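Participant: Let me give you the structure first, and then I'll get to my questions.
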Amino acid sequence: MSNLVLTIFAAVGMIIVAFIPVIYWRRKTALQYKWFLIGAALWAAAVGLKVVSSLLLSGPVIGYLRGNLSPLLTTIFGGLYYGVQSSFFEIGFTLIAVLIWRQWGKNAERAIGIGIGAGSFEAALLALPSLVTTIPYMLGVNIGFDLSAHIESIAETTPLFWLVAPVERMIAILCHISSR
């Protein structure tokens, strides 16, 4: 089977991974959909703020690191910078929201639903670029680069590469749940 087809399976897998927790938790708890949507909105707002922060600060921070550290230390401290930045916005923004709107964290069912909403929305959004590029490419649309060469290089070095994205999204959803 073509690795391009497997890429579509990976994207569809991410979409399935996005919906299963919502369906499961809704059936298990009868939690209102608004709590999942609040989680999605909270994640979107946090990521929006993170993007603005990155646009304003990442250039100067990484430039400073490159100018003062070795490439290895720049990679290490650059990775730490991005990790702290991501945590600050995605977890910190959630903490601020719960401190303002206390009912969001009032019980575990609601908090878990908010986490599922955030992680599921992220999973669904991340699947879209794969579908939007792979399907037109397979239909012969010129997307500006050779997608098959890129996919092949990833597939050669990653066993079961088409499972990587759905499994990574499952782990990310669990992280969103646990942080809420």
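Each value in this text was obtained by applying a stated rule to the coordinates, not by laboratory testing. If you're wondering where the values come from, they're calculated on a predicted model, not measured in any experiment. Reconstructed Cβ throughout: ideal geometry from the backbone, glycine too, with neighbour counts over all protein chains shown.
Participant: Pull out a ≥ b ≥ c, the square roots of the eigenvalues of the alpha-carbon gyration tensor of region 1-61, then state rounded if a/c is under 1.5, prolate if not and a/b is larger than b/c, and oblate in the remaining case.
Facilitator: oblate
Participant: Give the shape of the chain as rounded, prolate or oblate, defined through the alpha-carbon gyration tensor: a ≥ b ≥ c are the square roots of its eigenvalues, a/c under 1.5 means rounded, and otherwise the shape is prolate if a/b is larger than b/c and oblate if not.
Facilitator: Judged from the Cα gyration tensor, the chain comes out oblate (a/c at least 1.5, b/c at or above a/b).
Participant: Cα centroids of region 97-136 and region 6-32: how far apart, whole angstrom?
Facilitator: So the two Cα centres are separated by 11 Å.
Participant: Quick one: which of 34-45, 154-165, 88-99 comes out on top by average Cβ neighbours within 10 Å, and what's the full order, highest first?
Facilitator: 34-45, 88-99, 154-165
Participant: Then there is this: Cross-link partners among lysines for LYS50, C-alpha distance below 29 Å, same-chain residues fewer than 8 apart left out?
Facilitator: Correct list for LYS50: LYS34, LYS106.
Participant: In addition: Pull out a ≥ b ≥ c, the square roots of the eigenvalues of the alpha-carbon gyration tensor of region 74-163, then state rounded if a/c is under 1.5, prolate if not and a/b is larger than b/c, and oblate in the remaining case.
Facilitator: Note, shape of region 74-163 comes out prolate.
Participant: What size of dipole, in debye to the nearest 20, comes out for the chain about its Cα centre when the only charges are +1 on Lys and Arg C-beta atoms and -1 on Asp and Glu C-beta atoms?
Facilitator: Using only the charged Cβ atoms, the result is roughly 900 debye.
Participant: Set Lys and Arg Cβ to +1 and Asp and Glu Cβ to -1, take the dipole of region 51-180 about its Cα centre, and tell me which of THR75, TYR137, TRP162 lies farthest positive.
Facilitator: The one lying farthest along the dipole's positive direction is THR75.
Participant: Have a look at VAL12, VAL22, VAL132 and tell me which one the Gaussian network model of the chain (Cα, springs below 10 Å) gives the largest fluctuation.
Facilitator: Result for the chain, Cα springs under 10 Å: VAL132 fluctuates most.
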